[in-house]
Amino acid sequence: MEGEVQSWGRNQNGQLGLGTTEDSLVPQKIQAFQGISVKMIAAGAEHSAAVTEDGKLYGWGWGRYGNLGLGDRDDRLVPHEVAAVNGQKMVLVACGWRHTVSVASSGVLYTYGWSKYGQLGHGDFEDHLIPHPLEALQNSIISQVSGGWRHTMALTSDGKLYGWGWNKFGQVGAGDNADHCSPVQVEFPDGQKVVQISCGWRHTLAVTERQNVFSWGRGTNGQLGHGENIDRNTPKIIEALSVDGSGCQLIESSKVEPLPGKIWVSPSERYAIVPNENVEGDAVARVRGNGNDVDVPENDVKRIRV
């Protein structure tokens with residue numbers, strides 16, 4: 001409530017912001033934010049970002065691709081303010097694997113960092129070391145952003161969803177499997193408007209105004225929740241889920257009762273929310289992939305610094 005930030009876990013490149021490169025097994029307060037109220041935080045693979053209550057943007061951790069927005073490719077062991085936003089007050093921030101996305105109070109979207117697959121959305125594949133406004137969406141007010149491994153999604157205030165970047169598995173949702181270096185609009189049945197988005201590593205989820213949950217992208221480990229192990233390059237509704245104001249209900253099983261409270265669908269690398277008919281009383285289960293994903297380069301998962 002006071003805007004204090006704590007961090008823990010892997011810290012090879014200072015992504016915990018504690019001033020060291022030692023891992024931490026327990027949460028530790030980031031002293032650099034002493035006296036600064038933080039509004040929002042985001043974590044990439046090995047870098048982190050934050051937006052303060054007064055609209056300032058910070059970055060720290062691994063900075064090889066300019067993903068800290070500080071104008072260079074150096075690592076930072078503690079949070080540093082991003083000065084290149086020219087006085088714009090930031091309200092949102094999200095991290096991809098090696099890139100960062102932020103949104104100003106005016107609704108203008110900025111991206112920076114790695115862009116080998118067009119994940120910055122500027123119409124090219126050039127890295128940007130400082131935040132760069134996304135001209136393709138300059139006439140839209142961005143209300144939500146999410147970063148995947150190498151793709152990016154942005155939601156406008158009028159419920160339109162746009163995606164760009166790496167699209168080998170259809171995770172952008174454009175109906176093809178070609179990479180997109182500029183935003184493309186994702187179409188939904190009956191023109192449904194989107195109210196919430198979240199990127200997984202190589203797949204994407206969205207909730208529409210009708211409380212329908214859609215997924216698309218990599219599906220070989222069941223992470224799309226469609227009861228099959230195939231990729232999809234356009235949004236498909238997850239028939240087993242209906243989301244309402246009180247919780248999540250699996251509507252295909254008569255044995256399942258609505259869960260109390262609110263369940264937020266939050267994808268990770270190889271997990272999906274699916275019906276589990278084998279565990280009595282457990283309406284939702286996490287299903288893990290078999291780990292035999294040959295499309296993930298080993299040096300991307302366990303990178304060796306040079």
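Throughout, read-outs are computed from the coordinates displayed, never taken from laboratory work. Quantities reported herein were computed from a predicted structural model and do not represent experimental measurements. Positions of Cβ are generated from backbone atoms using ideal geometry, with glycine treated the same way; all protein chains shown enter the neighbour counts.
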For the range 7-18, 3J(HN,Hα) per residue [Karplus equation, 6.51 cos²θ - 1.76 cosθ + 1.60, θ = phi - 60°, Hz, x = Gly/Pro]: 9, 6, x, 5, 8, 4, 10, x, 5, 7, x, 9
Subtracting the Cα-Cα distance of residue 157 and residue 10 from 0.36 nm times their residue separation yields 49.4 nm
Calculated over the range 45-114: convex hull of Cα atoms, volume per residue (Å³): 69 Å³
Relative packing of 159-165, 171-177, which averages over residues the other C-beta atoms within 10 Å, highest first: 159-165, 171-177
One quarter of the C-alpha convex hull surface, i.e. the mean projected area of the range 1-139 in nm², amounts to 7.8 nm²
For residue 186, which sequence-distant residues (separation of 5 or more, or a different chain) have an amide H within less than 5 Å of its own amide H, given hydrogens modelled in the peptide plane? 161, 162, 163
Taking θ = phi - 60°, what integer Hz values does the Karplus form 6.51 cos²θ - 1.76 cosθ + 1.60 yield along the range 231-236, in sequence order, with x for Gly and Pro? 7, 9, 9, 9, x, 10
What residues from the range 37-67 fall in the zone where the backbone N is under 11 Å from a label point 7 Å along the Cα-to-C-beta line of residue 89? 53-56
Arranged from highest to lowest average of other beta-carbon atoms within 10 Å per residue, in what order do the peptides 112-121, 63-72 appear? 112-121, 63-72
Whole-Hz Karplus ³J(HN,Hα) for the range 100-117, in order, using 6.51 cos²θ - 1.76 cosθ + 1.60 and θ = phi - 60°, x for Gly and Pro? 9, 10, 9, 10, 7, 4, 6, x, 6, 9, 10, 9, 7, x, 6, 9, 4, 10
Hull volume in cubic angstrom per residue (convex hull over the Cα atoms of the range 101-197): 84 Å³
Between residue 1 and residue 25, what is the spin-label point distance in nm, taking each point 7 Å from the Cα along the Cα→C-beta axis? 3.2 nm
Measure off 7 Å from each Cα along the Cα-to-Cβ vector at residue 230 and residue 141, then give the distance between these two points in nanometres to one decimal. 4.1 nm
Please list, in chain and number order, the residues 5+ apart from residue 91 or on another chain whose amide H is under 5 Å from its amide H, with Hs placed from the backbone. 103, 104, 105
Using modelled amide H (1.01 Å from N, peptide plane; none on Pro or chain starts), what sits under 5 Å from the amide H of residue 219, excluding residues fewer than 5 places away? 231, 232
